[in-house]
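Working notes for the structure below.
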Amino acid sequence: MQKIDFHISQLDLMQEYPKELYYSGNNSLLKNRMISIVGTRRPVSYTKSLTSALASKLSNAGITVVSGAAMGVDILAHRGAGASNTIAVLPCGLDHKYPAVNKSFITQIEKEGLLLSQFEPSYEATPWSFVQRNEIVVALGECLIVAEADLNSGSMRSVEFALKMQKDIYVLPHKLGESEGTNTLLKEGLAKPIYDIDKFVSMFGKVEKNEEDELLEFCKNADKTYDEVLAKFGEIVFEYELLGKIEIIDGKIKPS
């Protein structure tokens, strides 16, 4: 565990540059292109699937994913990116691996990726330290992705930081009645929707495509009913439909 001994230009956007910044792990990740991903601690299945896929594709394109190591969207983003290409900003000192439920993967990030904190090593998390953590998460990223969020949530406080820093904000599109925070951002024109993950990632790096997509191949070989595909692949079918990868015609699914 050491103190960062070089200037991080992205943090100049904060209300006040951190007096101290402690790290454990590979601090060279701070020189990569970075994107921040935040969201609810209780994501729906759709959000879980897309957050993991998005973080993975960003990482494969050479983008380092930044988040806050919390339950839900944060840890999904870290896991999707892989421990070696993610930065976890903690709301406590680095002696603590908070929250305890994520301790194992946070420790893995420490070994392979990077942990950051502006607090003394023994400092325990407080309500205000979460806010300070969120500001660093937002400042480090080239843009902010909010995967899912309720109104008046911590994620929406992160949005406030992003707006003050004049960063682009992106969200996953959700159904009416879900993720009211992100839906409100779209309604007010404060965020842009991510309808196509590959297209989004291509704005920042080269997209690595799988040689074969099992679901699309399954639908290509013969007309498959919606129920058949749903039974085999589960809720990822909804993701593919939303992203325009498949279409439903007369109760059957075909690749678009």
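The values are calculated or read from the model by the stated rules, or taken from the named source; none is laboratory data. What you see is a predicted model; the values in this text were computed from it and never measured. Positions of Cβ are generated from backbone atoms using ideal geometry, with glycine treated the same way; all protein chains shown enter the neighbour counts. Calculation scope for accessible area: heavy atoms of the full protein, side chains included, ligands and nucleic acids excluded. Shrake-Rupley method; radii C 1.70, N 1.55, O 1.52, S 1.80 Å.
The single condition from (1) over 28 Å from Gly244 (Cβ atoms); (2) surrounded by 19 or more Cβ atoms within 10 Å (Cβ to Cβ); (3) under 14 Å from the mean Cα position of the chain (by Cα) that Glu110 fails is (3). One residue is enough: does region 152-168 have a residue meeting the conditions touching a Cys at 6+ places or on another chain (Cβ under 6 Å) and at pLDDT 95 or above? Checked against the condition, which is being touching a Cys at 6+ places or on another chain (Cβ under 6 Å) and at pLDDT 95 or above, region 152-168 yields at least one hit. Across region 32-69, the qualifying residues are those that are free of Cβ contacts under 8 Å to residues at least 60 places away in the same chain and over 19 Å from Lys167 (Cβ atoms), and the one among them that is most open to solvent (accessible area, probe 1.4 Å) is Arg42.
Comparison of Gly177, Gly181, Gly189, Gly205 shows that the only residue that is crowded, with 18+ Cβ neighbours inside 10 Å and not aliphatic (A, V, I, L, M) is Gly181. Of the residues that sit in region 118-130 and are out of contact with any helix residue (DSSP H, G or I) (no Cβ under 8 Å at 6 or more places or on another chain) and within 16 Å of Lys3 (Cβ to Cβ), which one is most open to solvent (accessible area, probe 1.4 Å)? This residue is Glu120. Taken over region 35-53, the residue count meeting the criterion of being over 18 Å from Val101 (Cα atoms) and at pLDDT 95 or above is 3. Can you pull out the residues in region 155-165 that are surrounded by fewer than 19 Cβ atoms within 10 Å (Cβ to Cβ) and closer than 23 Å to Val44 by Cβ? Selection gives Met156, Arg157.
Applying the set (1) open to solvent by 10 Å² or more (accessible area, probe 1.4 Å); (2) modelled with pLDDT of 95 or more to Gly80 leaves exactly one unmet item: (2). For the condition in contact (Cβ under 8 Å) with a residue 12 or more places away in the chain and more than 27 Å from Gln15 (Cβ to Cβ), Glu120 does not qualify. If you filter region 11-26 down to residues that are under 22 Å from the mean Cα position of the chain (by Cα) and open to solvent by less than 70 Å² (accessible area, probe 1.4 Å), you find that the one that is farthest from Lys111 (Cα to Cα) is Met14.
Exactly one residue among Leu94, Leu90, Leu114, Leu76 is within 21 Å of Asp150 (Cβ to Cβ) and in contact with a strand residue (DSSP E or B) (Cβ under 9 Å, 6 or more places away or on another chain), and that residue is Leu76.
For residues in region 166-198 being in a helix (DSSP H, G or I) and of a type in the set (D, E, K, R), which is nearest to Arg42 (Cα to Cα)? Looking at residues that are in a helix (DSSP H, G or I) and of a type in the set (D, E, K, R), I get Glu180. Of all the criteria given as (1) surrounded by fewer than 20 Cβ atoms within 10 Å (Cβ to Cβ); (2) charged (D, E, K, R); (3) in contact with a Pro (Cβ under 8 Å, 6 or more places away or on another chain), the one not satisfied by Glu148 is (1).
Of the residues Ile169, Ile136, only one is out of contact with any helix residue (DSSP H, G or I) (no Cβ under 6 Å at 6 or more places or on another chain) and open to solvent by less than 20 Å² (accessible area, probe 1.4 Å); which? Spell out the reasoning first.
On the way: Ile169 fails: out of contact with any helix residue (DSSP H, G or I) (no Cβ under 6 Å at 6 or more places or on another chain).
Going through Ile169, Ile136 in turn, just one is out of contact with any helix residue (DSSP H, G or I) (no Cβ under 6 Å at 6 or more places or on another chain) and open to solvent by less than 20 Å² (accessible area, probe 1.4 Å): Ile136.
Among residues belonging to region 144-156 that are in a loop (DSSP other than H, G, I, E, B) and either among the small types (Gly, Ala, Ser) or touching a strand residue (DSSP E or B) at 6+ places or on another chain (Cβ under 6 Å) (or both), point out the one that is nearest to Ile75 (Cα to Cα). Filtering first and then ranking leaves Ala147.
Val89 meets each of the listed conditions (1) open to solvent by less than 10 Å² (accessible area, probe 1.4 Å); (2) over 17 Å from Val131 (Cα atoms) apart from (2).
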